[in-house]
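Below you'll find the structure, written out as C-alpha cells, and then a few comments.
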Amino acid sequence: MKNLFTTAAVFVLVTCSHAQNLLVNGSFEYRALGWTFTGGLSILGPPSSPALGVEGTNCASIGGADIPNSTLSQSFSLPTNTDYLLTFNEAANGDNYPGRTASGRIDVLAPDNSLLASYSFTNISPGPLAGTNGFIKHTFSFTNSSNADFATVRITDTSANGGVAVDLMVDDVSVLAMVPPVLESGPPVLILWPTNQTVLVGSDVFLPAEATGAHPMRYQWWFNGHKLPRQTNSVLSRTNIQLRSRGRYQIEAKNSLATIRTEPVRIKVVIPPHIITRQRAITAETGGRVVLSATATGSKPFRYQWLKDGDAIATGTNRIFRISSAQAEDAGTYSVRVANIGATDEKTIAELTVTP
C-alpha cells in the first residue's frame, strides 16, 4: 500500500503563517459532540466528577467497561498539498493501581479506510489522576499529498488488558492545517467544509465551513435540496437533533463574483440501544438445556456480548445464548451488553442455579 502521508515526531517549534484547527470539540467541553465511538467511552468532568484534563474541565476516557480496542474518531476536511500537525494529550488512569500501562494508537484514515498516517504511544499510570497530573503531550506531523478531501482521525485503546483497571485518557486533540494567508479577493474558495457525521438522537451537532474570497461573503445552508430558513452563517448548529433532521446538508458560499455549493454531507442520527428483556431467576438440572435471549430497541445493527459474573463469554456474541448441557460451574449471573454504532447498554438477564 502506498503511504500518501509522511509522519514524524516533532521536537522543534514549527512556525507558519496561519494555523487552523480542523477538529470539532477537541477538548470535550461539549461532551462527545462531533465524535463517534465504539466500545467503552466516558466523558469525565463536572458535574459527575472533578475537573480533569489539560484544556477546560473535561477529558475522554477510552476503553472503560472492560471493552478492548475501543475507539474514538472524527472526520474532518482535508485541503490538499498542505502540512499538518496532530497534537493530543494522553494519560493512563489506573485509579488505585499505579504502575499499570495504557497504550494507544492514533491513525489518520482515507475515505476508503486505508491507513494514511499512524502514531503509537504508551503511558504508565501514576494512580488516581487529578487535574493535569499524568498527562503527556504528543505531536506528529504529516503532509497530504493525495487527492483526498477529507480524512478521519481515530484513537484506539490498544492496552493489553483491554481497559481492565486502567483506562486511556485523551484531551485537547487537534489537527492544525498549516496554510498560507488567505487572500480576500476573487471568487469564493472553500478552505473548510462539512463532513459526514453519525450522532446520537438528542445530541447537539454543528457543521463548520469557511470560504475565502472577495467580501462580503454570504452563506446559505441547504437540507435535502431545500434552503434552511435563517441558516446564513458559516457554521450550522442543530441542538437536540431528532430523526427528522437526518439527511443531506450543503452550504452555499456567494460573493459578487460567483456562487459555489458543497457536495452533500450526510448526518446519520442513531437511537442508542435499550435492553427491554426483564431479569429472571432460572433453575436448571445438571445436563439440562438453558436458553437466554435479549431484546433491545434502538438503531440496528446491534452487536451482542454475553457475560457471566462480569466476564465476557467467548461464544456469547449473538442475541440468543445457549447452554446445551448445564453443569455446576455454569451457575451464576448472566448479563448482556448490546451496542450499536453510537452507544452501549448492559443489563443483567438471569440468575442461573444448577441443581444435581
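Results, tabulated for the structure shown:
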quantity: Of residues in the range 136-156 being part of a strand (DSSP E or B), open to solvent by 40 Å² or more (accessible area, probe 1.4 Å) and touching a Ser or Thr at 6+ places or on another chain (Cβ under 9 Å), the one modelled with the lowest pLDDT; calculated: THR143
quantity: Boolean, SER335 is within 30 Å of LEU33 (Cα to Cα), among the polar types (S, T, N, Q) and surrounded by 12 or more Cβ atoms within 10 Å (Cβ to Cβ); calculated: yes
quantity: Filter pass, SER203 being surrounded by fewer than 16 Cβ atoms within 10 Å (Cβ to Cβ) and under 28 Å from the mean Cα position of the chain (by Cα); calculated: no
quantity: Pick from the range 236-256, criterion among the aliphatic types (A, V, I, L, M) and open to solvent by less than 30 Å² (accessible area, probe 1.4 Å), ranking: farthest from the chain's Cα centre (by Cα); calculated: ALA253
quantity: Hits in the range 300-314 (condition: open to solvent by less than 60 Å² (accessible area, probe 1.4 Å) and in a loop (DSSP other than H, G, I, E, B)); calculated: PHE302, GLY310, ILE313
quantity: Answer from LEU352, LEU257, LEU292 - the residue that is of a type outside the set (Phe, Trp, Tyr) and either at pLDDT below 95 or out of contact with any Lys or Arg (no Cβ under 9 Å at 6 or more places or on another chain) (or both); calculated: LEU257
quantity: For LEU176: the one exception among (1) part of a strand (DSSP E or B); (2) open to solvent by 30 Å² or more (accessible area, probe 1.4 Å); (3) within 25 Å of ILE341 (Cβ to Cβ); (4) at pLDDT below 90; calculated: (3)
quantity: Some residue of the range 224-235 being open to solvent by 30 Å² or more (accessible area, probe 1.4 Å), assigned to a strand (DSSP E or B) and more than 30 Å from SER185 (Cβ to Cβ); calculated: yes
quantity: Check on GLY56, open to solvent by 30 Å² or more (accessible area, probe 1.4 Å), modelled with pLDDT under 70 and not charged (D, E, K, R); calculated: yes
quantity: The range 262-282: number of residues that are open to solvent by 30 Å² or more (accessible area, probe 1.4 Å), outside any strand (DSSP E or B) and out of contact with any Ser or Thr (no Cβ under 9 Å at 6 or more places or on another chain); calculated: 3
quantity: Candidates THR317, THR297, THR259, filtered to the one that is open to solvent by 50 Å² or more (accessible area, probe 1.4 Å), touching a residue at least 40 places away in the same chain (Cβ under 8 Å) and of a type outside the set (D, E, K, R); calculated: THR259
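The values are calculated or read from the model by the stated rules, or taken from the named source; none is laboratory data. Keep in mind it's a predicted model, so treat the numbers as computed, not measured. Every residue, glycine as well, gets a Cβ built from its backbone with ideal geometry; the counts of neighbours run over all protein chains shown. The protein model used for the area step is the full one, side chains on, heavy atoms only, and it has no ligands, DNA or RNA in it. Shrake-Rupley method; radii C 1.70, N 1.55, O 1.52, S 1.80 Å.
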